[in-house]
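Step one of this worksheet: look at the structure below.
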Amino acid sequence: TDFDSKKKRKVAEIYQALNSDPIDVAALRRMAISEGGLLTDEIRCKVWPKLLSVNTDDLPPLPAGKELREDNKDYQQVLLDVRRSLRRFPPGMPDDQREGLQEELIDIILHVLKRNPQLHYYQGYHDIVVTFLLVVGDRLATALVEKLSTHHLRDFMDPTMDNTKHILNYLMPIIDQVNPEVHDFMQSAEVGTIFALSWLITWFGHVLSDFRHVVRLYDFFLACHPLMPIYFAAVIVLYREQEVLDCECDMASVHHLLSQIPQDLPYETLISRAGDLFVQFPPSELAREAAQQQAERTAASTFKDFELASVQQRPDTVLRQRFRERLRGEERTKSLLTKPRTNRFVKLAVMGLTVALGAAALAVVKSALEWAPKFELQIFP
């Protein structure tokens, strides 16, 4: 069939990139992003390390689990999370095999944390690690996860949630660029972005039940800029535009709708749309708005409210009230001054073209790993 011959051709191209000297990492990134991703776990074992520039020739031996577990402050929490991770293993896997993998999972996590004391464990981290363990086995998974934790996942592993929140703050500006109606509806519903938190910090591993879809997304995210998962989150919300707009415009209803992720998403379409949006509205363009959102919600600006609130009522009611007043004020200014938007229609006309031309791959290769929220916040104090 046509599909099979396309697949064969892609496999050949991947091996060609792997065997060229030096290895053609840009081509591997393109393969990981383009339709079907890296196709098989056997290929992933070879390509994922290249995407993270991990040298597979001298992998450190894994330490014995016992010494890792004694006096490790995270052990109990990791143990709880891993015990609860049953559904992340293939259905029908024999119990003893699964239990063996769960022990390996605990060891990998504790090993990475022990070697990198600056990293803090968070709930959901095990959802990412288990994906690597199932695809590449424990030794290689340990090396890949360590690299990932000090790069792509770095911000989630800070002692506080500040940088994670900062990344979530990119969600609404992206939605606003593409579909102001959905954006304004979500703002009126005051739904916030917490519904996307577990998507972001587990790279969707926690919320998608089909493992094939999870590894397909990991191909994509590993080949891209660390912010790509938030673009993918935005694309999911935009894809559900009609459902969102048909929803009751209140926080509970919209949050409930959005946090239940449909399992039958058209992944390839959404991946290519996320790549497009990244090219059209790169993080640097959205940084000002994201920083703005951050500034309006940071502790300093809300501290007064919390003081007040703790005396008389729940803090979020005060915040909501402030938000409503601000919205009313904004409505008034909006009618005076319509917000000029980037020439969205011109931009959307090139939608679909960019991925075909590999522009997304190019942009993501250039900007991969160059990003850190601290810089953005310094530029826009």
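Just need a number here: residues in the stretch 125-143 that are surrounded by 21 or more Cβ atoms within 10 Å (Cβ to Cβ) and in a loop (DSSP other than H, G, I, E, B).
Count: 0.
Regarding Y75, is this residue aromatic (F, W, Y) and more than 27 Å from the chain's Cα centre (by Cα)?
So Y75 does not fit the description; no.
Enumerate the pairs (first residue in the stretch 157-176 and farther than 19 Å from L270 by Cα and among the basic types (K, R); second residue anywhere and open to solvent by 10 Å² or more (accessible area, probe 1.4 Å) and outside any loop (DSSP other than H, G, I, E, B)) with beta-carbon separation below 8 Å, excluding pairs fewer than 6 apart on the same chain, so at least 6 apart or on different chains.
K165/Q294; K165/R297
Can you give me the number of residues within the stretch 162-192 that are assigned to a loop (DSSP other than H, G, I, E, B), closer than 23 Å to G275 by Cβ and more than 16 Å from the chain's Cα centre (by Cα)?
1
List, please: which pairs have Cβ atoms under 6 Å, are six or more places apart or on different chains, and start with a residue in the stretch 196-213 that is outside the structural domain of A233 (by the TED database) and end with one that is among the β-branched types (V, I, T) and in a helix (DSSP H, G or I)?
Matching pairs, first to second residue: none at all.
Residues of the stretch 11-25 being in contact with a helix residue (DSSP H, G or I) (Cβ under 9 Å, 6 or more places away or on another chain) and either surrounded by fewer than 16 Cβ atoms within 10 Å (Cβ to Cβ) or at pLDDT 95 or above (or both), which ones?
Hits for the stretch 11-25 are V11, E13, I14, Y15, Q16, A17, L18, S20, I23.
Among the numbered conditions (1) under 20 Å from L133 (Cβ atoms); (2) in contact with a Gly (Cβ under 9 Å, 6 or more places away or on another chain); (3) modelled with pLDDT under 95, tell me where C45 comes up short.
The number of the failed condition is (3).
From (1) more than 16 Å from N179 (Cβ to Cβ); (2) open to solvent by less than 10 Å² (accessible area, probe 1.4 Å); (3) touching a residue at least 60 places away in the same chain (Cβ under 8 Å), pick out the condition that doesn't hold for V254.
With (1) more than 16 Å from N179 (Cβ to Cβ); (2) open to solvent by less than 10 Å² (accessible area, probe 1.4 Å); (3) touching a residue at least 60 places away in the same chain (Cβ under 8 Å) applied to V254, the lone miss is (1).
What are the residues in the stretch 177-193 that are buried (at least 21 other Cβ atoms within 10 Å of the Cβ) and not polar (S, T, N, Q), if any?
V178, M186, V191
Residues are listed down the side, and each one gets a yes or a no for (1) among the aliphatic types (A, V, I, L, M); (2) outside any loop (DSSP other than H, G, I, E, B); (3) open to solvent by 40 Å² or more (accessible area, probe 1.4 Å); (4) within 18 Å of L286 (Cβ to Cβ):
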site	(1), (2), (3), (4)
F195	no, yes, no, no
L208	yes, no, no, no
V214	yes, yes, no, no
P226	no, no, no, yes
Y231	no, yes, no, yes
E268	no, yes, yes, no
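Is it true that E35 is of a type outside the set (S, T, N, Q), modelled with pLDDT under 90 and open to solvent by 90 Å² or more (accessible area, probe 1.4 Å)? So that I can check it myself, show each step before the final result.
Details: of a type outside the set (S, T, N, Q): yes; modelled with pLDDT under 90: no; open to solvent by 90 Å² or more (accessible area, probe 1.4 Å): yes.
The answer is no for E35.
Testing E243 on (1) farther than 27 Å from P91 by Cβ; (2) touching a Phe, Trp or Tyr at 6+ places or on another chain (Cβ under 8 Å), one condition comes back false. Which one is that?
Just one mismatch for E243, condition (2).
The values are calculated or read from the model by the stated rules, or taken from the named source; none is laboratory data. Being a predicted model, the structure only gives us computed values, none of them experimental. Don't worry about glycine lacking a Cβ; one is built from the backbone with ideal geometry, like all the others, and counts go over all protein chains shown. Quick note on the areas: whole protein, heavy atoms, side chains included, nothing else; ligands and nucleic acids left out. Shrake-Rupley method; radii C 1.70, N 1.55, O 1.52, S 1.80 Å.
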